[in-house]
Amino acid sequence: MLDDARPSAEAASTPGTVGRVAGVFVSFEGIDRSGKTTQARMLVDALGSEAVPVREPGGTPLGERVRDVIKDPQTEIGPHAEALLFAAARAELCRQVIRPALEAGRVVVSDRFLDSSLAYQGDARGLGVEEVLEMNRWATEGLVPDLTIYLAVDPADAARRSGEADRFEDEGLLLQERVRDAYERLVEAEPSRFRRVDGSLPPDAVHAEVLALVGAARAAAV
Ligand SMILES: Nc1ncnc2c1ncn2[C@@H]1O[C@H](COP(=O)(O)OP(=O)(O)O)[C@@H](O)[C@H]1O
Ligand SMILES: [Mg+2]
């Protein structure tokens, strides 16, 4: 478990860190089609019953409804509302699913988490990384992943992969390049939490690296 999640006299009085005992929280991040869903599934399969898979936005009744709204191209959403919707879904996911799972000592595997908001809304959409982080800290009551695996893939290569098209992918390569640059800055700014993995490797090779990283994070948590 990382410093900001480790139980201590100080942490015990900080909302959001209470009860973080034995569980490990792993998130996958990266541009669209970088392989997040593929790798999250492979990790969940490898962990078996210890794993609690979650996806963003979603994972709760509210979150799934928010997901439908966000992904619906017929519904116009400004950048501020979009950021708030993601944060609302995330707040509910933390409260209903992630926190209870961590308290029960499980391994939470999240397909995207708050860094997606920082990269897309904060940086690429221009709302400001600090502002979006502040709002999300409030929404999640300070819950941060122990390990965030960033799958680094060239946006042009990712675009050639087949996959689900959504609001963001429709906006094309320029947005994906901005998001990639945003992620690179986040990884550089927080090297203790992020691990950068070459997502252009074959899925099995990426998975082997993921397993090693998760194994190290679990060893650090006990
Ligand atoms: N390491 C990889 N190399 C090549 N193609 C991949 C790799 N990982 C996933 N893919 C393929 O790329 C597409 C997008 O993968 P996906 O896991 O859905 O990405 P994301 O969830 O990041 O958008 C899928 O068609 C998937 O089969
Ligand atoms: Mg996906």
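The values are calculated or read from the model by the stated rules, or taken from the named source; none is laboratory data. What you see is a predicted model, and the numbers here were worked out from it, not measured in a lab. With ideal geometry, Cβ positions are generated from the backbone for all residues, glycine too; neighbour counts draw on all protein chains shown.
Counting only residues that are among the small types (Gly, Ala, Ser) and at pLDDT below 95, which one in region 28-83 is farthest from ligand 2 (Cβ to nearest atom)? Don't jump to the end; show me each part of the working.
Narrowing region 28-83 to residues among the small types (Gly, Ala, Ser): 30, 34-35, 40, 46, 48-49, 51, 58-59, 63, 78, 81, 83.
From what is left, the residues that are at pLDDT below 95 are 58-59, 78.
On the way: 58: 11, 59: 13, 78: 24 Å.
Within region 28-83, the match that is farthest from ligand 2 (Cβ to nearest atom) is 78.
Please enumerate the residues belonging to region 58-74 that are on the phi > 0 side of the Ramachandran plot and charged (D, E, K, R).
Of everything in region 58-74, nothing turns out to be on the phi > 0 side of the Ramachandran plot and charged (D, E, K, R).
Do we find that residue 27 is closer than 30 Å to residue 217 by Cα and loosely packed, with under 14 Cβ neighbours inside 10 Å in this structure?
no
Among 81, 87, which is within 20 Å of residue 127 (Cβ to Cβ), within 17 Å of the chain's Cα centre (by Cα), assigned to a helix (DSSP H, G or I) and free of Cβ contacts under 8 Å to residues at least 60 places away in the same chain?
Being within 20 Å of residue 127 (Cβ to Cβ), within 17 Å of the chain's Cα centre (by Cα), assigned to a helix (DSSP H, G or I) and free of Cβ contacts under 8 Å to residues at least 60 places away in the same chain holds for just one of 81, 87, which is 87.
Residues in region 19-33 that are more than 14 Å from the chain's Cα centre (by Cα) and more than 13 Å from ligand 1 (Cβ to nearest atom): how many?
Total meeting the criteria: 5.
If you go through region 179-200 one residue at a time, how many are in a helix (DSSP H, G or I) and β-branched (Val, Ile, Thr)? Break it down stepwise before answering.
To start, the set of residues in region 179-200 that are in a helix (DSSP H, G or I) comprises 179-189.
Still in the list and also β-branched (Val, Ile, Thr): 179, 187.
Matching residues across region 179-200 total 2.
Specify which of the listed residues (105, 122) is in contact (Cβ under 8 Å) with a residue 24 or more places away in the chain and assigned to a loop (DSSP other than H, G, I, E, B).
105
Would you check which residues across region 98-124 are in contact with a Leu (Cβ under 6 Å, 6 or more places away or on another chain) and either within 16 Å of ligand 2 (Cβ to nearest atom) or hydroxyl-bearing (Ser, Thr, Tyr) (or both) and list them?
Listed by number, the residues that qualify are 109, 115.
Yes or no, residue by residue, for (1) within 16 Å of ligand 2 (Cβ to nearest atom); (2) modelled with pLDDT under 95; (3) surrounded by fewer than 21 Cβ atoms within 10 Å (Cβ to Cβ):
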| position | (1), (2), (3) |
| --- | --- |
| 137 | no, no, yes |
| 149 | yes, no, no |
| 174 | no, yes, yes |
| 184 | no, no, yes |
| 199 | yes, no, no |
| 209 | no, no, yes |
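I'd like to verify a number: residues in region 32-73 that are of a type in the set (Gly, Ala, Ser), crowded, with 19+ Cβ neighbours inside 10 Å and out of contact with any helix residue (DSSP H, G or I) (no Cβ under 7 Å at 6 or more places or on another chain), how many?
Looking only at that region, the number is 1.
Does region 173-210 hold any residues that are of a type in the set (A, V, I, L, M, F, W, C), within 16 Å of ligand 1 (Cβ to nearest atom) and free of Cβ contacts under 8 Å to residues at least 24 places away in the same chain, and which are they?
173, 201, 205, 208
In this structure, is residue 218 closer than 28 Å to residue 22 by Cα, in contact (Cβ under 8 Å) with a residue 40 or more places away in the chain, assigned to a helix (DSSP H, G or I) and among the charged types (D, E, K, R)?
Yes.
Determine, yes or no, whether residue 132 is among the hydrophobic types (A, V, I, L, M, F, W, C) and in a loop (DSSP other than H, G, I, E, B).
no
Within region 34-58, count every residue that is within 15 Å of ligand 1 (Cβ to nearest atom) and either in contact (Cβ under 8 Å) with a residue 60 or more places away in the chain or assigned to a loop (DSSP other than H, G, I, E, B) (or both).
Total meeting the criteria: 13.
If you take the residues of region 106-135 that are basic (Lys, Arg) and within 28 Å of residue 174 (Cβ to Cβ), which of them is surrounded by the fewest Cβ atoms within 10 Å (Cβ to Cβ)?
Ranking the candidates gives 125 first.
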